[in-house]
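These notes concern the structure reproduced below.
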Amino acid sequence: MWIEENNKLSTDLKFTDFIRAFAFMTEVAVHAEKQNHHPKWTNVYNQIKIELTTHDAGNTVTEKDRKLAETIAKIYERYKN
């Protein structure tokens, strides 16, 4: 699900519709806030692109990114097509 390259973790996710994609983003936002680590993401209709990197570590992948990526993967299991 996640690809690590160019000092970031990234993934492209697809959902059945916009409502499902937005619900997923809302749930991820709650967890990101709790972890104090926020993704760079874009949403167009039923597709979401996410990039994770740690700004405080010189924009590289750290354990914070891996932890949030794991959380996102678990959430996606409930929302995916």
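FYI, it's all coordinate maths here, none of it is from the lab. The structure presented is a predicted model; accordingly, all values stated were derived computationally and were not measured. Positions of Cβ are backbone-derived with ideal geometry, glycine not excepted, and every protein chain shown enters the neighbour counts.
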Of (i) 17, 14, 12; (ii) 20, 14, 12; (iii) 21, 13, 10, which is the value of semi-axes √(5λ) of the Cα gyration tensor in Å derived from the coordinates here? (iii)
Mind putting a number on the dipole of the chain about its Cα centre? Charges go on the C-beta only, +1 for Lys and Arg and -1 for Asp and Glu, and I need it in Debye to the nearest 20. 200 debye
Sequence-distant or interchain residues sharing an amide H contact under 5 Å with Thr62, placed H: which? Thr54
Taking θ as phi - 60°, what are the ³J(HN,Hα) couplings along the stretch 17-33 by the Karplus curve (6.51, -1.76, 1.60), each to the nearest whole Hz, with x for Gly and Pro? 7, 5, 4, 5, 4, 5, 4, 4, 4, 4, 5, 4, 4, 5, 5, 4, 5
